[in-house]
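The values are calculated or read from the model by the stated rules, or taken from the named source; none is laboratory data. None of these values were measured; they are calculated from a predicted model. Quick reminder, even Gly has a Cβ in these numbers, built from the backbone with ideal geometry, and neighbours come from all protein chains shown. To get the accessible areas, we keep the full protein, side chains included, count just its heavy atoms, and leave off ligands, DNA and RNA. Shrake-Rupley method; radii C 1.70, N 1.55, O 1.52, S 1.80 Å.
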Amino acid sequence: MEKILLDISQSLNLAQPLSLIDVIVLVLILILFVITFINVFVSDKPEVKVEKIEDSKAEPLLKQELPGTSVKGVATPEEEPAPKPVEKPTPKPVEKPSVSWDKRLFKGLSKTRSEIWGKVSTLLGAKKLDDEVVEEIEEILFTSDLSPVLVDELLEHLKSLAGSEERDYMQEIKEFLKSKMEVSQARVNTELYKLEKDSKVTGPKVIMIVGVNGAGKTTTIGKLATKLRSQGAEVVVGACDTFRAAAVEQLEVWCNRAGVEIVKAGEGADPSGVAYDAVAKAKEINADYCIIDTAGRLHTKANLMDELAKTKKVMSKVIPEAPHETLLVLDAITGQNALRQAEEFNKYLNLSGLIFTKCDGSSKAGSAVSIVQSLSVPIVYIGVGEDVEDLDVFQLDPFLDALLGIQA
């Protein structure tokens with residue numbers, strides 16, 4: 001033993017040989033060092049707890065092998081349920097007002113009737129139809145915003161009736177005006193106001209709405225979307241008037257109220273791009289209608305009209321036939337200026353229909369006759385107020401009856 005201790009001392013270059021006690025101390029130090037090492041490094045490894053899972057609770061838990069162990073059956077955090085699909089609001093039918101449409105139309109055209117045709121009726125009923133009466137009627141009719149050509153034709157027609165048996169001259173005037181409009185009005189596509197599931201058009205029916213600022217374009221689109229949605233139609237509205245933030249906000253209010261989808265972009269965005277996206281969205285969800293709003297355009301600005309034509313062309317890249325209808329909103333207050341607007345818009349866009357608004361605030365609703373006759377473009381809708389039900393399908397006979405004061 002002494003020889004071994006001497007050899008250890010020499011190998012460690014110790015000045016004095018180790019005693020037996022020194023060796024025991026060194027061994028104890030080494031043992032303590034090993035224990036410390038095990039406590040520090042081995043205790044850092046996570047302890048895997050194996051819990052017994054009741055059968056009734058086992059189904060929702062995912063059994064998997066943990067990395068680095070062979071233990072199975074450890075529950076993972078419960079997965080969150082999948083979000084429920086957002087349900088579209090059920091379309092509400094447009095409430096029918098207590099007053100019939102014919103009566104509201106009759107009231108709405110009261111200014112035109114009292115200031116124009118009421119005076120004509122008084123002259124025809126109180127005096128014999130002679131040259132003096134015809135001249136007075138001519139003066140009145142030129143303030144009605146009928147075109148000069150139409151006024152001349154009507155006067156010649158009345159002169160041809162002079163001297164014959166007693167006639168209902170207002171009924172004669174109605175038949176004359178009706179003859180100038182009925183051929184064009186017969187071409188109205190009923191799908192513009194009535195949802196037809198067996199339509200010949202496959203995919204969304206795209207309707208482009210145009211007009212000058214202030215004609216009531218945005219409001220009209222909101223009313224139209226509401227009416228179509230109330231029939232159960234899926235409607236997408238494209239807010240392409242990107243030059244007026246207020247127009248987009250107003251349209252968004254209408255769309256939210258009606259429960260229809262709106263496609264919009266930031267202020268100043270390319271209107272053609274918004275129109276493209278709106279038609280693409282309508283096609284993607286297989287909507288029944290896609291209504292495209294456009295920025296108000298002065299019909300005298302050729303560059304702005306060209307931009308509208310560009311927007312119309314872009315939509316055909318999504319659906320070759322789009323837009324299926326191009327409707328011009330006209331303000332009745334503008335009278336003969338409405339005819340000039342319609343002529344310019346028709347030249348650039350090949351209009352398929354007209355929407356005549358604000359007839360309740362004007363004495364010039366008769367300009368509708370001249371516009372239809374001149375352009376051979378029918379009136380699809382007529383508006384006589386601010387509410388949804390104040391926009392309705394244009395029907396020729398009720399319109400002329402209300403215009404002329406003819407009551408059944």
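Among the listed pairs Lys103/Lys174; Lys180/Lys364; Lys180/Lys217; Lys127/Lys364; Lys107/Lys194; Lys281/Lys313, which have their C-alpha atoms separated by more than 22 angstrom in this model? Walk me through the numbers on the way to the answer.
Values: Lys103/Lys174 18 Å; Lys180/Lys364 17 Å; Lys180/Lys217 27 Å; Lys127/Lys364 25 Å; Lys107/Lys194 25 Å; Lys281/Lys313 17 Å.
Over 22 Å apart, Cα to Cα: Lys180/Lys217; Lys127/Lys364; Lys107/Lys194.
Among 365-372, 348-355, what's the highest-first ranking by average C-beta atoms within 10 angstrom per residue?
Highest mean packing first, the order is 365-372, 348-355.
Students often check this: by mean Cβ neighbours within 10 Å, which of 220-231, 391-402, 182-193 ranks highest, and how do the rest follow?
Per-residue Cβ counts within 10 Å, averaged per peptide and sorted highest first, yield 220-231, 391-402, 182-193.
Determine one quarter of the surface area of the Cα convex hull of the stretch 272-339, which equals its mean projected area, and express it in nm² to one decimal.
Convex hull of Cα atoms, orientation-averaged projection: 5.2 nm².
Mind listing the long-range amide H neighbours of Lys194? Cut-off is under 5 Å, sequence gap 5 or more, other chains count too, H placed in the peptide plane at 1.01 Å from N.
Here nothing satisfies the definition.
Provide the gained length on full extension for the span Arg340 to Asp168, in nm with one decimal, where the gain is 0.36 nm per separating residue minus the Cα-Cα distance.
Length gained between Arg340 and Asp168: 58.6 nm.
Starting at 0 and stepping by 10 Å, how many percent of the alpha carbon pairs of the stretch 222-294 end up in each bin?
Over the stretch 222-294, the share of Cα pairs per 10 Å bin runs 23, 55, 21, 1 percent.
How would you classify the stretch 271-408 from its alpha-carbon gyration tensor, with a ≥ b ≥ c the square roots of the eigenvalues: rounded for a/c under 1.5, else prolate if a/b is greater than b/c, otherwise oblate?
Judged from the Cα gyration tensor, the stretch 271-408 comes out prolate (a/c at least 1.5, a/b above b/c).
Please list 156-162, 138-144 highest first by mean number of surrounding beta-carbon atoms within 10 Å per residue.
Output ranking for 156-162, 138-144: 138-144, 156-162.
For the stretch 306-408, what % of the accessible area comes from carbon and sulfur atoms, probe 1.4 Å?
43
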